Amino acid sequence: MEEIRVRIAPSPSGNLHVGTARTALFNYLFAKKNNGKFVLRIEDTDAERTSQAYVDNIFDSLKALGLNWDEGPDVGGEYGPYTQSERFDIYPKYIQELLDKGFAYECFCTPEELEAEKEQATANKQAYVYSKKCENLTEEEKAKLRAEGRKPAIRFNIAKAQKAFHETSILAFEDLVKGHLQQDTNLIGDFVILKSNGAPTYNYAVVIDDMLMKISHIIRGEDHISNTFKQILIYEALGAEVPRFGHLGMILAPDRSKLSKRHGATAVSEFVEKGYLTEALINFVALLGWSPSDANEIKSLEEIAQDFRINEVSSSNSIFEYDKLNWMNGQYIKKMDIKELTKMAKPFLAKYDLTELTEEQLEKVVAATREPITILSDLTNDVSYFFGKDIEFEEGVKEANIDTEQGQAILKEFASRIDSLAFDDEEKLHEQMAEFRNFFKEQGIKPKVTMWTIRAALTGRTHGADMGVVLEVLGKDKVQYRINKAIV
Ligand code: GLU
């Protein structure tokens with residue numbers, strides 16, 4: 001069997017988008033499932049829209065998601081990606097081959113002339129297709145145009161290629177995801193493959209690269225279907241084997257429009273900055289088109305790879321449900337190893353003086369506050385009362401729980417017991433608190449009401465981490481200070 005080789009070929013005109021991450025993931029899974037290779041190629045032919053920062057971001061994001069690629073130029077013992085701009089000397093050779101075979105021709109049309117053609121088509125209410133004005137220029141005519149200082153672009157001759165390899169103008173292929181797809185090639189204009197400045201265009205360079213990198217399967221978004229027909233003809237014109245194609249449905253926002261910044265984060269790095277775990281993100285992204293064979297949607301990359309079949313991928317669009325991602329992220333936060341989670345949480349606690357707590361205490365704090373948070377950045381607010389001397393009260397909390405006669409009575413009683421509380425002995429402390437609650441229960445005050453008052457005085461809120469952890473981590477001095485401050 002031929003070797004399965006797939007690739008992700010992002011253009012570095014932005015940070016790695018979750019949609020691209022999904023495409024990368026499905027390629028990666030397909031490779032893993034079939035003992036194949038997953039290749040990364042940076043498509044930076046459009047120099048104006050490209051930036052090194054975006055290249056780095058793509059690189060880092062794929063790695064963070066665990067989508068490691070299998071080959072590329074070696075950079076210090078690691079694989080770098082293939083980069084189109086470093087391959088510019090490869091592309092002219094095949095241009096010449098296409099010219100020699102008559103599948104391409106020089107086009108001297110100026111942007112103004114092309115614009116006029118387009119305007120004419122619009123005026124006639126027709127879809128624009130290049131007029132092929134330059135298809136049959138004689139050598140004399142070309143020389144004359146050159147003498148005028150015009151530099152030709154190279155166009156691919158659709159009709160010639162179609163006629164050479166197909167009986168009718170219909171070009172068809174079997175898509176791995178969408179099944180039979182076809183297109184009347186009369187509706188495809190002869191497109192530019194090499195610009196007049198010598199730069200290859202996407203549709204051309206992508207074929208040369210995929211051909212030379214022996215890519216066997218091309219899995220990408222359905223927005224590329226129209227390009228696929230053009231690309232198939234180039235493969236055929238070069239006498240190369242045509243790879244199999246699979247086109248994925250698009251990812252839409254909950255309002256069914258194109259997923260964009262106004263809906264929330266869209267770049268992988270943005271999600272990470274907000275406190276999403278890459279394990280959760282990749283799990284969620286896998287479900288945009290793929291479903292597991294059992295009912296359990298929470299799966300590691302490894303488990304997904306075992307269960308993945310490209311022909312079962314949905315051909316329709318998927319909705320990016322931020323709520324579901326939040327839920328899933330919460331599930332991962334809940335189960336994560338506490339040491340690991342604490343490490344991941346630290347960037348979100350940068351505004352606090354972490355030296356106030358030992359590492360062990362910090363782990364306790366994270367363990368006691370990880371539920372019900374959904375993203376790590378929620379921790380910033382949720383742990384605030386563990387730091388500093390003073391606290392801020394949530395609205396209404398002080399009035400309802402502390403500034404009442406009953407609240408004051410509870411606080412005074414508690415204050416009288418602080419000296420004897422066993423802050424370092426979890427079990428004993430637990431008993432002492434139970435006894436304290438009972439003291440008021442006998443007077444008809446519900447235990448939870450008693451605790452609300454203490455919690456309010458110590459944390460400024462009525463909900464939060466387990467009280468045992470709050471007392472233990474705050475320690476006697478802070479507890480005493482905050483309780484005394486609440487007593488008027
Ligand atoms: N650079 C193209 C893109 O980012 C790659 C498309 C393809 O997979 O061929 O859309």
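Placing dummy labels 7 Å off each Cα toward the beta-carbon, the span from Asn186 to Ser314 is 3.8 nm.
Whole-Hz Karplus values for segment 189-205 come out as x, 5, 9, 6, 10, 10, 6, 5, 8, x, 7, x, 8, 3, 4, 7, 4 Hz, taken residue by residue from phi with 6.51 cos²θ - 1.76 cosθ + 1.60 and θ = phi - 60°; glycine and proline positions read x.
Placing pseudo-labels 7 Å out from each Cα toward the beta carbon at Asp403 and Ile225 gives an inter-label distance of 6.4 nm.
Structural descriptor for segment 110-219: relative contact order 24 percent, calculated from alpha carbon pairs under 8 angstrom and at least 6 residues apart. The alpha-carbon positions of segment 62-213 define a convex hull whose volume is 190 Å³ per residue.
DSSP finds beta bridges in the chain, and of those with both partners inside it, around 55 percent are antiparallel.
Rounded to the nearest 500, the 222 nm mean residue ellipticity of the chain from helices alone is -13500 deg cm²/dmol, with -39,500 (n - 2.57) taken per DSSP H run of at least 4 residues. Rounded to the nearest 0.05, what FRET efficiency do Asp390 and Leu252 give with R0 = 35 Å and r taken as the Cβ-Cβ distance? Could you check? It comes to 0.15. Report note on the peptides 111-121, 165-175: ranked by the mean count of other C-beta atoms within 10 Å, highest first, their order is 165-175, 111-121.
Packing-based ranking of 88-98, 416-426 yields 88-98, 416-426, ordered from highest to lowest mean Cβ neighbour count within 10 Å. Per-residue 3J(HN,Hα) values for segment 148-155, derived from phi via the Karplus relation 6.51 cos²θ - 1.76 cosθ + 1.60 with θ = phi - 60°, read 6, x, 7, 10, x, 9, 10, 10 Hz in sequence order (x marks Gly and Pro). Quotient of the Cα radius of gyration of the chain and 2.2 N^0.38 Å, N being its number of residues: 1.38. Annotation: aspartates and glutamates with alpha-carbon distance below 15 angstrom to Lys398 (same-chain offsets under eight excluded): Asp390. Across segment 75-117, the residues whose backbone nitrogen lies under 14 Å from the label position 7 Å along the beta-carbon direction of Val55 are 75, 80-88. Checked against a 19 Å cut-off, the cross-linked pairs Lys101/Lys144; Lys299/Lys334; Lys37/Lys63; Lys258/Lys299; Lys343/Lys476 give Cα-Cα distances beyond that limit for Lys101/Lys144; Lys258/Lys299; Lys343/Lys476.
Between segment 168-188 and segment 4-28, what's the alpha-carbon centroid distance in Å? A separation of 24 Å, based on Cα centres. Counting every C-alpha pair in segment 200-347, the share spaced more than 29 angstrom apart comes to 33%.
Stretching Thr462 away from Ser416 to a fully extended chain increases their span by 14.4 nm, per 0.36 nm per residue minus the current alpha-carbon distance. A full extension of the chain between Asn484 and Ser291 corresponds to an added length of 63.8 nm, given 0.36 nm per residue minus the alpha carbon distance. Highest-first packing order for the peptide set 217-225, 333-341, 205-213, 384-392 is 205-213, 217-225, 384-392, 333-341, based on the mean count of other beta carbon atoms within 10 Å.
Computed from label points 7 Å out along Cα-Cβ, the spacing between Lys335 and Lys163 is 6.1 nm. Remark: segment 53-103 projects, on average over all directions, an area of 5.3 nm² (convex hull of Cα atoms). Between Gln126 and Ser13, what's the calculated FRET efficiency when r is the beta-carbon distance and R0 is 22 Å? Round to 0.05. Calculated transfer efficiency: 0.10. Within segment 18-50, list the residues whose amide N lies under 19 Å from a label point set 7 Å along Cα→Cβ of Asp74. Answer for this model: 38-40. Quick one: angle between helix 447-459 and the longest Cα principal axis of the chain, in degrees between 0 and 90, rounded to 10, please. With rounding to tens, the tilt is 70 degrees.
Accessible surface for the chain, divided over its residues, is 49 Å² per residue with a 1.4 Å probe.
The values are calculated or read from the model by the stated rules, or taken from the named source; none is laboratory data. Note that the structure is predicted; figures quoted are calculated from it, not measured. Note that we place each Cβ from the backbone using ideal geometry, even for glycine, and neighbour counts take in every protein chain shown. Note: areas computed on protein heavy atoms with side chains; ligands, DNA, RNA excluded. Shrake-Rupley method; radii C 1.70, N 1.55, O 1.52, S 1.80 Å.
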